[in-house]
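Here the structure is laid out as structure tokens; the discussion comes afterwards.
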Amino acid sequence: MDQPQRIPYIDPASITDPAMMAEFQRAAREGAPRPESHAMRAHVPAVFWSFTNAWNDTFVNGVCDHAIKELCRLYVSQAVNCNYCGNQRSVKAQEQGLLEADVKDLLDFDKSARFSLRQKAALQLAEAITWGLEPTDELWNRLYENFETGQIVELGFFIGLTMGQQRWNRLIGMKHSQFMAGTSGGLAPAAASLKAA
């Protein structure tokens with residue numbers, strides 16, 4: 001069901017901060033997040049910068065592999081049914097070897113031959129956080145076999161951050177290509193082909 005968008009975008013003419021505009025341009029170019037979600041948060045600059053700084057520090061950069069964090073982000077988007085988030089891709093993760101075919105197996109990652117043990121450990125953490133599963137020795141042993149403590153901390157923080165934002169984005173009813181129209185950086189192939197049609 002196509003729901004209406006519940007919060008309007010900020011007026012682009014009201015963005016006078018060059019650093020904020022540069023972040024919008026990065027989002028339009030590289031995706032994850034795309035500019036629409038920024039255009040909601042920009043109503044409150046402190047919210048915009050709190051999210052942006054945390055996102056850039058723990059997703060775009062950080063101590064854990066970016067492509068693994070992108071797999072976790074996409075797992076969450078499928079699990080919480082956020083089509084807006086699920087239809088965007090990190091250009092950086094694609095450059096690091098993440099394939100579109102990987103996305104199809106995410107919800108059945110443990111049975112898939114597509115993912116390494118390291119990727120599966122991260123996805124198991126995403127699964128546990130997203131679904132509120134009980135902690136098990138198997139989960140924690142798997143994590144410590146594949147990641148250093150700081151990487152586990154960053155993964156857990158990032159998964160929690162993206163899960164909350166994806167649930168919020170779904171509730172708002174955002175759609176792609178409605179802010180900074182004409183940009184397609186970071187759109188999933190299916191979403192980009194719909195935009196081009």
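The values are calculated or read from the model by the stated rules, or taken from the named source; none is laboratory data. Nothing here was measured: the structure is a model prediction, and the numbers come from that model. Note that each Cβ is placed from the backbone with ideal geometry, even for glycine, and that neighbours are counted across all protein chains shown. The area values use the complete protein model at the heavy-atom level, side chains included, leaving out ligands, DNA and RNA. Shrake-Rupley method; radii C 1.70, N 1.55, O 1.52, S 1.80 Å.
In this structure, is residue 99 within 12 Å of the chain's Cα centre (by Cα) and of a type in the set (A, V, I, L, M)?
So residue 99 fails the test.
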Margin query: Of all residues being among the β-branched types (Val, Ile, Thr) and open to solvent by 30 Å² or more (accessible area, probe 1.4 Å) in the stretch 130-164, which is nearest to the chain's Cα centre (by Cα)? Just the residue, please.
Written below: 153
Check: Give me the pairs: first residue in the stretch 26-40 and under 14 Å from residue 165 (Cβ atoms), second residue of a type in the set (A, V, I, L, M) and not in a loop (DSSP other than H, G, I, E, B), beta-carbon distance under 7 Å, and six or more apart or on different chains, which are they?
Finding: 33/27; 34/27; 38/27; 40/172
Next item on the list: Pick out the one residue from 122, 128, 101 that is under 30 Å from residue 38 (Cα atoms) and modelled with pLDDT under 95.
Entry: 101
Notebook entry, point to check: With 152, 159 as the choices, which residue is among the aliphatic types (A, V, I, L, M), assigned to a helix (DSSP H, G or I), in contact (Cβ under 8 Å) with a residue 24 or more places away in the chain and within 26 Å of residue 22 (Cα to Cα)?
Noted result: 159
Next item on the list: Might you let me know whether the stretch 16-32 holds any residue that is open to solvent by less than 30 Å² (accessible area, probe 1.4 Å), at pLDDT below 95 and under 30 Å from residue 133 (Cβ atoms)?
Entry: yes
Next item on the list: Scan the stretch 72-89 and give yes if some residue there is farther than 30 Å from residue 14 by Cβ, free of Cβ contacts under 8 Å to residues at least 24 places away in the same chain and either open to solvent by 70 Å² or more (accessible area, probe 1.4 Å) or not hydroxyl-bearing (Ser, Thr, Tyr) (or both), otherwise no.
Entry: no
Margin query: If I go through the stretch 42-66 residue by residue, how many of them are within 12 Å of the chain's Cα centre (by Cα), of a type outside the set (Val, Ile, Thr) and open to solvent by 20 Å² or more (accessible area, probe 1.4 Å)?
Written below: 1
Note to self: Looking at the stretch 103-118, can you tell me whether even one residue there is hydrophobic (A, V, I, L, M, F, W, C), more than 27 Å from residue 145 (Cβ to Cβ) and open to solvent by 50 Å² or more (accessible area, probe 1.4 Å)?
What the structure shows: no
Notebook entry, point to check: Taking only pairs six or more apart or across chains, which ones have beta-carbon atoms under 6 Å, a first residue in the stretch 96-110 that is within 16 Å of residue 189 (Cα to Cα), and a second residue that is acidic (Asp, Glu) and not in a loop (DSSP other than H, G, I, E, B)?
Noted result: 98/70
